[in-house]
Amino acid sequence: MDRLALELAWSLWAELGVDGMVRRHDWQAIDLEPLIIFTAHLGDADNRLRASTIDWCITNARFVSAFRLRNLAEQASAPTRAAFGRYAATVRAHSKAPWPGEGDPLTLFHPEHIGSPDLRRPALIQLRLRALVGVSARAEVLKLMLAAPDRPQAASTLAEDAAYGKGSVAQALEMLTMAGIVQVQPDANRLLYRLARPSELAQALLWLPSVFPDWWPIFKVVDALAGYARSASGPAPARNAAVHSLLERIGPDLHRLGVADQVPRAGGNASVTEIEHWALDFLGEHTGHGQPATAAREVSYVIHHLSFGGWLGTINVAGREPKPFGPEQGHLEDAPGAAELVHLMFKDVLLRSHRGGPAGAPDDALIQVISQEFAEELVRPMRVGQEATFTAEFVRRWYGNRRQRFGATA
């Protein structure tokens, strides 16, 4: 559990420019303040992680919200608050950042030069918004609305998820509404807010992440699971009470994440083992580690016709976070065309089917012809802003039917 938690932190910090071992979250929106608090506690197990991230915070303190750090730290466990207090005191000692928290500064080592993050990365949409509108409730509200552009949200919900006070969020919503960026609609005895023109905002921000994980409850659950793993010992019956206590502690966070019904029910020696396996799967999923073989999981592909005319593809494997598929894209003009994206989708589907099968890879020239027909008939007619989902089975059947028409052999 500790190893997986450290890998999760390293991967997320690698998106921010810290020299990490691997990047597994390049298309998942990062939430900076929860990550800082989570890392402060993990730093006791990895001095290099702590030193590198403290250096990053000193160099890039202008991107960090002291208000969010205070509000979130108050919700953290006592050991996490204490670790964050020492971490924050170290940042304060070497910068003018008004970070909250109490504790003695740590001895600071400088393992490497830390520069500014590359705000063009999709995972850093939060920092890009802060560069645009300031480190403020406005930036958090915009991020939350981009995560669910079609869902109207109440001010109270936005305040809880943004980790800002209700007054700050109300003022942010008022200003964004006056600017025409947000629109408000009455619903019974409350007001709901949503983006007025989400596609235009997305176009202005260029690449957006595929998913916006709710990292604060995820980190709280991971912290609780790691604490249980370090303290629980003995046979399953002896761990029963610890499991019940664990589930009570993480219950509200699991409900917020919408996964409470996925946790095995406590009530016997067998369930203790089942819950512990679920805990490893939960952390493994968020760390980016695969569990069962991809080919055995249900796979689907989503093709988006973006507002500026480009195309974006995401692949969805059951039980995992969606990921992009397509060529590396650094600039707007690098966006793939519909035919190129469909060709890559066909190749991915057929290569998955080919693994473990008879010798002989699929004919790339035939894939090119058939995928071109697919793109012309089903993808190019999509209007700007539309998206379409294709299952791997549908793509395989399409290819098989067209292959027979061309008289090709398997």
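The values are calculated or read from the model by the stated rules, or taken from the named source; none is laboratory data. All values reported here derive from a predicted model rather than from experimental measurement. A quick note on method: Cβ atoms are made from the backbone with ideal geometry, for glycine too, and the neighbour counts reach across all protein chains shown. Ligands, DNA and RNA are stripped out before the accessible areas are found, and what is left, the full protein with its side chains, is counted by its heavy atoms. Shrake-Rupley method; radii C 1.70, N 1.55, O 1.52, S 1.80 Å.
Give me the 1.4 Å probe accessible area per residue for the chain, excluding ligands and nucleic acids, in Å².
Values: 19480 Å² over 410 residues.
Value returned for the chain: 48 Å² of accessible area per residue.
Using a 1.4 Å probe, how large is the accessible area of Ser210, given in Å² and rounded to the nearest 10?
Rounded to the nearest 10, that gives 40 Å².
Per residue of the chain, what 222 nm ellipticity follows from adding -39500 (n - 2.57) for every DSSP H run with n ≥ 4, rounded to the nearest 500? Walk me through the numbers on the way to the answer.
Values: 16 runs with 212 residues, N = 410.
Only helices count here, giving -16500 deg cm²/dmol.
Please compute the modelled spin-label separation between Val259 and Gln183, points set 7 Å along Cα→Cβ, answer in nm with one decimal.
My value for the distance between the label points is 3.5 nm.
Tell me, what are the semi-axes, in whole angstrom and largest first, of the equivalent ellipsoid of the range 108-219 as set by the roots of 5 times the Cα gyration tensor eigenvalues?
Details: eigenvalues 149, 53, 35 Å².
Those come to 27, 16, 13 Å.
Given the chain reduced to its alpha-carbon atoms as identical point scatterers, what log10 I(q)/I(0) does the Debye formula return at q = 0.07 Å⁻¹?
-0.40
Tell me, what % of the accessible area of the chain is carbon and sulfur with a 1.4 angstrom probe? Please report the intermediate quantities before stating the final value.
Working: 9990 of 19480 Å².
Exposed carbon and sulfur together represent 51 percent of the surface.
What FRET efficiency comes out for the pair Asp364/Glu248, r = Cβ-Cβ distance, R0 = 56 Å, nearest 0.05? List each step's numbers first, then the result.
Numbers: r = 55 Å, r/R0 = 0.99.
E(calc), rounded to 0.05, equals 0.50.
What list of ³J(HN,Hα) couplings, whole Hz, do you get for the range 96-103 from phi and the Karplus terms 6.51, -1.76, 1.60, once you set θ to phi - 60° and write x for glycine and proline?
Ordered by residue, 3J(HN,Hα) equals 9, 5, x, 6, x, x, 10, x Hz.
Could you tell me the center-to-center distance, by alpha carbons, between the range 175-205 and the range 100-153 in angstrom?
22
Sorted by packing (mean other beta-carbon atoms within 10 Å per residue), highest first, where do 184-193, 162-171 land? Please list the in-between numbers first.
On the way: 184-193: 11.7, 162-171: 18.0.
In descending order of packing, they fall as 162-171, 184-193.
Using only Cα atoms, tell me the angle between helix 2-15 and the longest principal axis of the chain; keep it within 0 to 90° and round to the nearest 10.
Approximately 70 degrees, to the nearest 10.
Tell me, in nm to one decimal, what length is gained between Ser77 and Asp150 on full extension, where the rule is 0.36 nm per residue of separation less the Cα-Cα distance? Working shown, then result.
On the way: separation 73, 0.36 × 73 = 26.28 nm, distance 3.44 nm.
Result: 22.8 nm gained on full extension.
Which order do you get for His25, His244, His41, His255 if you rank them by accessible area with a 1.4 Å probe, largest at the top? Show your work: numbers first, answer last.
Details: His25 0, His244 85, His41 45, His255 135 Å².
Solvent-accessible surface, decreasing: His255, His244, His41, His25.
For the chain, take the longest principal axis of its alpha carbons; what is the angle in degrees between that and the long axis of helix 166-178, to the nearest 10 within 0 to 90?
Value to nearest ten degrees: 40.
Could you give me the ³J(HN,Hα) list for the range 124-130, computed from phi with Karplus coefficients 6.51, -1.76, 1.60 and θ = phi - 60°, whole Hz, x at Gly and Pro?
Taking θ as phi minus 60°, the curve returns 9, 4, 4, 5, 5, 5, 5 Hz for the range 124-130.
Pulled fully out, how much extra length does the chain show between Thr157 and Arg230, if you take 0.36 nm times their separation in residues and subtract their Cα-Cα distance?
Residue separation times 0.36 nm, minus the Cα-Cα distance, leaves 22.9 nm.
Please compute one quarter of the surface area of the Cα convex hull for the range 150-289 and express it in square nanometres. Walk me through the numbers on the way to the answer.
Values: hull surface 45.3 nm².
Averaged projected area of the range 150-289's Cα convex hull equals 11.3 nm².
When the C-alpha atoms of the range 1-120 are aligned to their principal axes, what extent does each axis show, in angstrom, from largest down?
Extents along the principal axes, in whole Å: 33, 31, 26.
Taking 0.36 nm per residue of separation and subtracting the Cα-Cα distance, what length does fully extending Ala196 through Thr391 add?
On the way: separation 195, 0.36 × 195 = 70.20 nm, distance 3.18 nm.
Gain on extension, Ala196 to Thr391, equals 67.0 nm.
Please enumerate, by chain and number, the lysines with C-alpha under 28 Å from the C-alpha of Lys143, excluding those fewer than 8 residues away in the same chain.
Lys96, Lys166, Lys220, Lys323
Percent relative contact order of the range 3-110, based on C-alpha pairs within less than 8 angstrom and at least six residues apart? If you can, show how the numbers build up before the last one.
On the way: 132 pairs, mean separation 23.6, N = 108.
Relative CO of the range 3-110 lands at 22 percent.
Could you check the spin-label model distance between Arg48 and Asp281? Points 7 Å from the Cα along Cα→Cβ, value in nm.
The two pseudo-label positions are separated by 3.3 nm.
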